[in-house]
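**Student:** Okay, here's the structure, questions in a sec.
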Amino acid sequence: MRTQGGFLISRIKQLGGRVFERILEREGVVEFTGPQGRILYVLWQEDMLPAAEVARRTSLANATLTSMLDRMEAAGLLERVPDRQDRRRVRVHLTEKARQLRERYDAVSERMNDIYYRDFSEQEVLAFEGYLTRVLDNLKEEENHEQNQPRRHQ
């Protein structure tokens, strides 16, 4: 059986990102980009997370996250503060400016959900998201397995 799940997910991510960016622009949300919105979304759920946890929850590589945090800090959306218990760790804290953007972001996200799930029944949405969660769990399990394997030298 030939499948296209990974290819379709990749295309959905790329096209969805472009549509999301256009909706942000049309709604006048210019303070952050779509990918930066993923970071904000995580922090709106739970502020003051360690940077490593933000990377984990957004699935961003540490180098990518660091450069995005730099730009977001320069834009006044967040600040990095030393962890009180462990000075080696940095926590990411939302500014008031970022908090005030949440309502506008939520409206854009709601519009995206309307687009994603147009003509889906509630049962179809729940089933689809359940399947996606299973795929994600499979990938996480594989990543953990791969990280625990010794590297082969060539």
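The values are calculated or read from the model by the stated rules, or taken from the named source; none is laboratory data. The model shown is predicted, which means the values in this text are computed figures rather than measured ones. Because the Cβ atoms are built from the backbone with ideal geometry, glycine has one as well, and the counts that use them run over all protein chains shown.
**Student:** I need the full set of residues from the range 43-63 which are at pLDDT below 90 and of a type in the set (S, T, N, Q), in order please.
**Tutor:** The answer is SER59, ASN62.
**Student:** Step by step: first the residues of the range 79-96, then only those that are acidic (Asp, Glu) and outside any loop (DSSP other than H, G, I, E, B), then the one that is surrounded by the fewest Cβ atoms within 10 Å (Cβ to Cβ). Which residue is that?
**Tutor:** It comes out as GLU96.
**Student:** Could you tell me whether any residue of the range 103-117 is under 27 Å from GLY5 (Cβ atoms), surrounded by 12 or more Cβ atoms within 10 Å (Cβ to Cβ) and among the charged types (D, E, K, R)?
**Tutor:** For the range 103-117, residues under 27 Å from GLY5 (Cβ atoms), surrounded by 12 or more Cβ atoms within 10 Å (Cβ to Cβ) and among the charged types (D, E, K, R): present.
**Student:** Would a scan of the range 141-151 turn up a residue that is in contact with a helix residue (DSSP H, G or I) (Cβ under 8 Å, 6 or more places away or on another chain), without any contact (Cβ under 8 Å) to a residue 40 or more places away in the chain and either loosely packed, with under 13 Cβ neighbours inside 10 Å or over 23 Å from ARG18 (Cβ atoms) (or both)?
**Tutor:** Scanning the range 141-151 turns up no residue that is in contact with a helix residue (DSSP H, G or I) (Cβ under 8 Å, 6 or more places away or on another chain), without any contact (Cβ under 8 Å) to a residue 40 or more places away in the chain and either loosely packed, with under 13 Cβ neighbours inside 10 Å or over 23 Å from ARG18 (Cβ atoms) (or both).
**Student:** Mind checking which helices (runs of 4 or more DSSP H) fall wholly inside the range 1-62 and carry at least 2 residues that are over 22 Å from TYR116 (Cα atoms) and touching a Lys or Arg at 6+ places or on another chain (Cβ under 8 Å)?
**Tutor:** Output list reads 51-58.
**Student:** In the range 118-139, what residues are loosely packed, with under 10 Cβ neighbours inside 10 Å and under 27 Å from THR33 (Cβ atoms)?
**Tutor:** ARG118
**Student:** Does LEU40 satisfy the condition of being hydrophobic (A, V, I, L, M, F, W, C), within 17 Å of the chain's Cα centre (by Cα), outside the structural domain of LEU132 (by TED's automatic domain parsing) and modelled with pLDDT under 95?
**Tutor:** Answer is no for this residue.
**Student:** Okay, moving on. Give all pairs with beta carbons closer than 7 Å in which a residue from the range 77-103 that is free of Cβ contacts under 8 Å to residues at least 24 places away in the same chain meets a residue that is assigned to a helix (DSSP H, G or I) and not polar (S, T, N, Q); count only pairs at least 6 apart in sequence or on separate chains.
**Tutor:** GLU79/GLU73
**Student:** Please specify each residue of the range 97-124 satisfying the condition of being part of a helix (DSSP H, G or I), modelled with pLDDT of 95 or more and hydroxyl-bearing (Ser, Thr, Tyr).
**Tutor:** The answer is TYR116, and nothing else.
**Student:** Of THR66, THR133, which residue is over 27 Å from GLY6 (Cβ atoms), among the β-branched types (Val, Ile, Thr) and in a helix (DSSP H, G or I)?
**Tutor:** One residue alone meets the criteria, THR66.
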